[in-house]
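Below you'll find the structure, written out as structure tokens, and then a few comments.
The values are calculated or read from the model by the stated rules, or taken from the named source; none is laboratory data. Predicted model only: the values in this text are computed from it and were never measured. As a convention, Cβ positions derive from the backbone with ideal geometry for all residues, glycine included, and neighbour counts pool all protein chains shown. Side chains are part of the model used for accessible areas, which takes the heavy atoms of the whole protein and leaves out ligands, DNA and RNA. Shrake-Rupley method; radii C 1.70, N 1.55, O 1.52, S 1.80 Å.
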Amino acid sequence: MKLSIVLSTHPAQFQAVALKGDFEANVARIAAWGYDGVELAVRDPKLVDADELLRIVSAHGLEVPAIGTGQAWGEEGLSFTDPDPEVRAAAMQRVCDHVPFAARTGAVIIIGLLRGIVKPGVGHDQAYTWLVEALQRCSAVAAPHGVRLVLEPINRYETTLVNNVEQGLALVEEVGADNFGLLLDTFHMNIEEAVIEDSIRAAGDRIFHFHVADSNRWYPGAGHLDFKAILDILFATGYRGYVSGEFMPLPDADTAAQRGIAHLRQLYSP
Ligand code: LER
Ligand code: MN
């Protein structure tokens, strides 16, 4: 099992990023705790020095399995479903801007809240049409570079667009691109799915990335999810990608990161 943890390259408001602050110091600690990779939350690739990031990550023997884009929504309000065509175009451009770094690292590009919410005055069907068009365009730009995009079903309290796996799979079908799939997150699944294991099985080979947090969004082991059952089913689908920790920095970031990896590793230790 390859394990990563979300790390922001800049200060961010999103609370379920356990580690914020000095980048190199965090990368060193993550490697020392036994993680294999860092999932980077990047607001705007133009604000980061890709060579320097890669140098630091590689020097500590880590990989970058995924790039999170949600800060462009959280801090700048960019989205695929904004009524303003310039905002939609800027959101698409932002995703395309991530492609070169994703191509260098083999990371998937995550479409989380960058898809937006259905804004007042916009019908759900219109928002969905914009979403499909944007995903088709971004997938087409990414494909020649061997880069994959993932949409994350997100619970109803954060968005009104694509909350569960069934809706995610319908969207994958509609977009119709081989390099477009799903990111499943156990925190959202615990809210939206009737049986988490059944939904993982249904998503099958469309699962391109996987987030773990416990039922309370604390580190795995701090809530009531059965991670052995969940991960057994995930691996039975043939998934060999990263299991990536995205959880609250509670009781503090270091403790959460260390307890999370300890819990997941002991599930598969002899
Ligand atoms: C991001 O991966 C996520 O899970 C969302 O809750 C972002 O708001
Ligand atoms: Mn997530």
Inset, instruction - Identify the residue in segment 182-196 that is under 13 Å from VAL162 (Cβ atoms) and in contact (Cβ under 8 Å) with a residue 60 or more places away in the chain and, among all such residues, is farthest from ligand 1 (Cβ to nearest atom). - result: LEU183
Legend entry - Filter result (small (Gly, Ala, Ser), in a helix (DSSP H, G or I) and surrounded by fewer than 15 Cβ atoms within 10 Å (Cβ to Cβ)) within segment 121-141: ALA140
Inset, instruction - Could you tell me whether ALA103 is small (Gly, Ala, Ser) and crowded, with 16+ Cβ neighbours inside 10 Å? - result: no
Legend entry - Some residue of segment 69-87 being touching a strand residue (DSSP E or B) at 6+ places or on another chain (Cβ under 8 Å), under 26 Å from LYS2 (Cβ atoms) and more than 16 Å from ligand 2 (Cβ to nearest atom): no
Inset, instruction - Kindly indicate the residue of segment 142-174 that is open to solvent by less than 10 Å² (accessible area, probe 1.4 Å) and farther than 18 Å from ILE191 by Cα and also nearest to ligand 2 (Cβ to nearest atom) among those meeting that condition. - result: VAL150
